[in-house]
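Read the structure below first, then the notes.
The values are calculated or read from the model by the stated rules, or taken from the named source; none is laboratory data. The structure displayed is predicted, hence computed values, not measured ones. Cβ atoms come from the backbone with ideal geometry, glycine included; neighbour counts cover every protein chain shown. For accessibility, only protein heavy atoms count, side chains too; no ligands or nucleic acids. Shrake-Rupley method; radii C 1.70, N 1.55, O 1.52, S 1.80 Å.
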Amino acid sequence: MPISELPAFQPLVIFGVLLVLKMGAVAFVTANARRKAKVVLNPEDTKVNPGSHAENEEAAVTLRAKRAHLNDVENIPAFLVLALLMTLTGCSATAGWIYFGVYFVARTLHTVFYLNAVQPWRTVAFFVGQLAQLGIMVQLLIAVL
Amino acid sequence: MPISELPAFQPLVIFGVLLVLKMGAVAFVTANARRKAKVVLNPEDTKVNPGSHAENEEAAVTLRAKRAHLNDVENIPAFLVLALLMTLTGCSATAGWIYFGVYFVARTLHTVFYLNAVQPWRTVAFFVGQLAQLGIMVQLLIAVL
Amino acid sequence: MPISELPAFQPLVIFGVLLVLKMGAVAFVTANARRKAKVVLNPEDTKVNPGSHAENEEAAVTLRAKRAHLNDVENIPAFLVLALLMTLTGCSATAGWIYFGVYFVARTLHTVFYLNAVQPWRTVAFFVGQLAQLGIMVQLLIAVL
């Protein structure tokens, strides 16, 4: 059976692509916040973004988008590998749609809540995503042990 | 042969899951250090962690755990992909147990040494992990060239 | 057909290994800049790098290499997973050589341009890499929809 016919390959690809696009969107929000604030991190960046140079971004208005993005970077790549491993065990398409879908929705809400400073819902969304990932890890261990 | 019956799939899943759990544990140490220090990064975070707001975390006590976590984020996702690629080449289970196991132990020691400020052992643990990853890269290149 | 005989497996492994080596090289540039500047981040690091301790790296000379590295960390792991997924769909070796090769060259130029403060070419290189990744995402969606 070709790998791409593994039952959960379709939800894996769809939510994998959506997650990477979502990560990229947050990076774009950060870059755009820098552009609007006319703040650049490197002196040479004034060539692509007319503005003043701020050596220390900590002081800049872009910090919120940057933190939301960093949280994605800390979590999404490892999730993508775990989701692929679960798909390779031959798990059902339904399991893929549920686990990967819940994770994607939770991470998207996490970003929306982060950018708009909505607590405690950001923390709730974070833990729902972690719960989906924990479920995947349990499924993986059951499959190999 | 189903993919999940590839010889090294079992050690890949076991050490992959353990590495992601270890990364999550360091993230938890960071969050917990923030909670204990009653320092939050975003004003709205006082809703989940009663404490004062510190715009610039660089000044906070949480910096050590955060750096240990960042080092994981810089290294572990790429390792997981390389380890999966080596597994897909059909390498032996023994190779999987050794390469992935050495990497996992080295990264765990790296974290322990980082959190407890133990040098030069932290650097030694880092390079042992890098050596295991270099071995995987050599195996991969041998397999395809 | 063994997975390692998938048409694009060879370019995937070659450019995957090269990308991880490139990331590591930037990390080494950062570490080396710290060593030369005699600046260490953790007090205990003076045991491996004789120098003075700077709690806040933002002030240090290593910031440029660190940002180039962080940009890699934000982008390369997710790319590796997408490239592997495209390979698993059974795409042609030619597609692999082109998409993965363009991405690798673009990211290498991005790093070179970042370390040497060359704008707007750094931004151009970044977007060429993103374009290659976008192409992979389109191929993936076509393959599963």
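Residues in the stretch A:106-139 that are aliphatic (A, V, I, L, M), assigned to a helix (DSSP H, G or I) and more than 13 Å from A:D72 (Cα to Cα): A:V124, A:V128, A:L131, A:A132, A:L134, A:I136, A:M137, A:V138. Residues that are in contact with a Lys or Arg (Cβ under 9 Å, 6 or more places away or on another chain), within 13 Å of chain C (Cβ to nearest Cβ) and of a type in the set (S, T, N, Q) do not occur anywhere in the stretch A:123-137. Considering the stretch B:4-60, and only residues there that are open to solvent by 30 Å² or more (accessible area, probe 1.4 Å), part of a loop (DSSP other than H, G, I, E, B) and at pLDDT 70 or above, the residue that is nearest to the other protein chains (Cβ to nearest Cβ) turns out to be B:V48. Checking each residue in the stretch C:102-128 for being open to solvent by less than 10 Å² (accessible area, probe 1.4 Å) and within 13 Å of C:F15 (Cα to Cα) picks out C:Y103, C:A106, C:R107. Of all residues in the stretch B:81-101, those satisfying the criterion of being at the interface with chain C (Cβ under 8 Å from one of its Cβ atoms) and open to solvent by 10 Å² or more (accessible area, probe 1.4 Å) are B:T89, B:G90.
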